Each structure stands twice: as C-alpha cells, then as structure tokens.
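Each reported figure results from applying straightforward, stated rules to the coordinates on display, with no laboratory input. Just so you know, these numbers come straight off a predicted model, no measurement behind them. Heads up, the Cβs are rebuilt from the backbone with ideal geometry, glycines too, and the neighbour counts pull from every protein chain shown.
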Amino acid sequence: MELHEDIGKIYDTIFYCVEYFNHNTLDNIIPTNNSLFCFADNCYKKINEKVSSLPTILEPFFITRESLPCAMTSFFFRHVNFISDTFDSFLIKITASSNDLYNMTVNYLLSDKINDSSSSSLVASPDTLMQALESSMLPDSQKLHISFLAGNLSYAVALLVHHLREIYIEVNNLHAAYADELRKAADSVTSEQTLQLYSDILRHDLTEAYDKTHFAVSLLNPYIIRSISKNEYTEVLFGVFYENYLKSKTDEDSINLRHFFIALGNDTRLSVLQALTEHKELTATMAAKIVDQPVATVLRHIDVLYENNILYISKRKGLNIFYKINYEILIRAFNIINNKLGGIDYEKTNREQKGTNMVQTQSEDSIGTGIKS
C-alpha cells in the first residue's frame, strides 16, 4: 500500500468548503461531547481564521442533502487520480471539466425535477433548468445561485479555483502541524487488525490488492472511509480516526465474556498489559525484558491476549512484530457488562456500598462487644 499525502490535502481543501456551507447543519447532527469531532471542528476553525469568506455563488457546488456527498465531493472521487494527481493538476481538471461539475451540481440538487435523459443537455437547455428551479423546494437563495451559474460558469469556476488555492495553503500548514497524527493513521492502515476489520466490516479485502492499493488520509473528515476500485488498482481515502469507526462497527455480541475474563485473569498477562500501557507498543522480546519473564513464556501469554482481540498487531519490521492494546474492545466489553446488569448507577452503587460497609462495621462492633461480655 502506498500513501499519497497530497490527495488527502486536496480532499481536506474541498471538505473545508463543504463544512463552510453546511456548518449549521453539521452542528445539529454532531455531538458536542465527541472529542474526535471536536478535533475536526478545531481543524476547520484554524483554517477559517486564516482564509477569506467564500462567495455565496459557490454554495451549490458544496451543498449536501440527506447526508449524500455534495457535487464537488462526487467530482473529486470521479476525477482524482491517487497515483499521479497533485493539487495543481486537480485544479486543471476542475477547469477543463467545469461542465461536468456543473451537470453534477444541477443533477444533485434538482434530480427529482429534471427528467431530461441527457445530463450534458442541462447546460445547453436553460428552459429545462428554469422549470426545474420553479418547481423545486430549494431555498430562493440557492435557486438564484444555480441560475447564476448557468450563465456565468467560467467566472464561477475561476472564482472556485482561486479560493481553493487559498484554502490549500492553510490545509498544507495544518497537515504539517498534525504530522504525527497523520503518520500514526498512515502506519495503522497497513496493520493486520485494520486490514482484517476492513475486510470483515466493509466486505472489501485489501490484502489481496495490497501492492496495488493507494491511499490518502484526511484530517477534517475524521471517520471517512471511501474506496474506489479501478481497473488496475484500488484507491482508498481514510479519515485520521478511521480505526475508531471500524472498531465501533464490530459486533459487541462477538465478545465472549467468559474467554475475555479468563484472558485477563493471569498475573503475567496483566503485567504485559501494564507494560504496554506505559510503552504504548512493544514486541514480545521487549515485553519479556520489562516483566522479567522468558520470551517463550511471554509470547504464549501474548498469543492468548491476541486471540481474544485484547492486543492487536500494530506493525511488522522484519521479523519483529509489535503489539498494542485494543482499548476499544475493553470499552465494548464493559458496555456489554453494563447492559447485562441493566445499567450501572455509579452514585447509587457507591451509596449502597458505603451503606453495606457501615452495616458490616456495626455488625463487627456488635460481635466484638458480645465477645467481650
């Protein structure tokens, strides 16, 4: 698998505009206490502080409906080449294929109103467009912008390219600032766990096309996972926190609690987990030195933790296999326990426990008094 950094930057440049024109809608559907989306929102704000306001004529390119990708995002996935494209070459594609972008925009926003079988005729058929606009439920401002595009497409595209250049500069700076997070995400893409999760959950086996897969990582859209199979290779776009998305899709019922607790109920295995908590990532040899146990012994215990998904292989370097703790499965196991117990009220449990301790203390005192008498 090969990483193409500039593709992620191109996508983030586009996605900034998507957020810009849909920010109020996104605020209503994104939970404010979600730290990952807060991270993405902070990225958006950092760019927003540095770039000028986007002209409203560009809004139709980026408006989203019913969680579907907007016209510009669809254009990106249709035209971008993960292997050869740079930001400048993609801008050339926008200009050269401006009619396609316009058609995609009109079809996206007015698909239920236009019955013309030839999408290419939309640009040359203003009557069809105006009839569709009149019967559409779109806001008047969006109707105005769409009709303006029909007669001023070259101007609008030139304006779009100008603003995308300005945004790209700040996106590039942002990717440099978060280079560590992006590198970790890129490294994890090639881990056995990610490839297996991708295959199990999204039904797309990247291992078979491993050498012909080209991928990019987005900062602003943290969960996105989008793959496109071309004739000769596969293109995949990952969000910087895509692993959380994949793991959240794992069926909680697949966790065998009995095996899970047996796996944890061993001093050596707990010592290995403690070492991994402190060092984040270790090989069996490294872990053996830390817990002061033979490598063969530690490896057997690591196998138990790995088989129960408590550990996963984060990377391979030659003959060295590195492991990390799968914190997500620990959280899911706790959620299963919580659900089976009907939900744990921690404050109530603490009060009840204190009450039990108090009664127990009083009973012990009474027993002690009885003995003395």
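Counting neighbouring beta carbons within 10 Å and listing from fewest to most, the residues Glu2, Glu170, Glu59, Glu192 come out as Glu2, Glu192, Glu170, Glu59.
Residues whose amide H falls under 5 Å from that of Tyr323, counting only those 5 or more places apart or on a different chain, are Leu282, Thr283, Ser314, with hydrogens built in the peptide plane.
About its Cα centre, the range 273-317 has a charge dipole of approximately 220 debye under the convention of +1 per Lys or Arg Cβ and -1 per Asp or Glu Cβ, with nothing else charged. Here the simple spin-label model places points 7 Å from the Cα toward Cβ, and for Ala96 and His23 these points are separated by 3.4 nm. Sorting Ser314, Ser271 by the number of Cβ atoms found within 10 Å of their own Cβ, with the fewest placed first, yields Ser271, Ser314. Near Asn221, once Lys and Arg are set to +1 and Asp and Glu to -1 for all other residues with Cβ below 12 Å from its Cβ, the sum equals -2.
Sorted ascending by nearby beta carbons within 10 Å, beginning with the fewest, Arg316, Arg332 become Arg316, Arg332. Taking 0.36 nm per residue of sequence separation and removing the Cα-Cα distance, the Glu181/Lys46 pair yields an extension gain of 47.0 nm. The Glu232 and Lys317 beta-carbon pair, evaluated with R₀ = 25 Å, returns a calculated FRET efficiency of approximately 0.30.
Between Thr277 and Gln293, the contour length at 0.36 nm per residue exceeds the Cα-Cα span by 4.0 nm. Take 152-158, 237-243, 298-304 and order them by the average number of nearby Cβ atoms within 10 Å per residue, most first; the result is 237-243, 298-304, 152-158.
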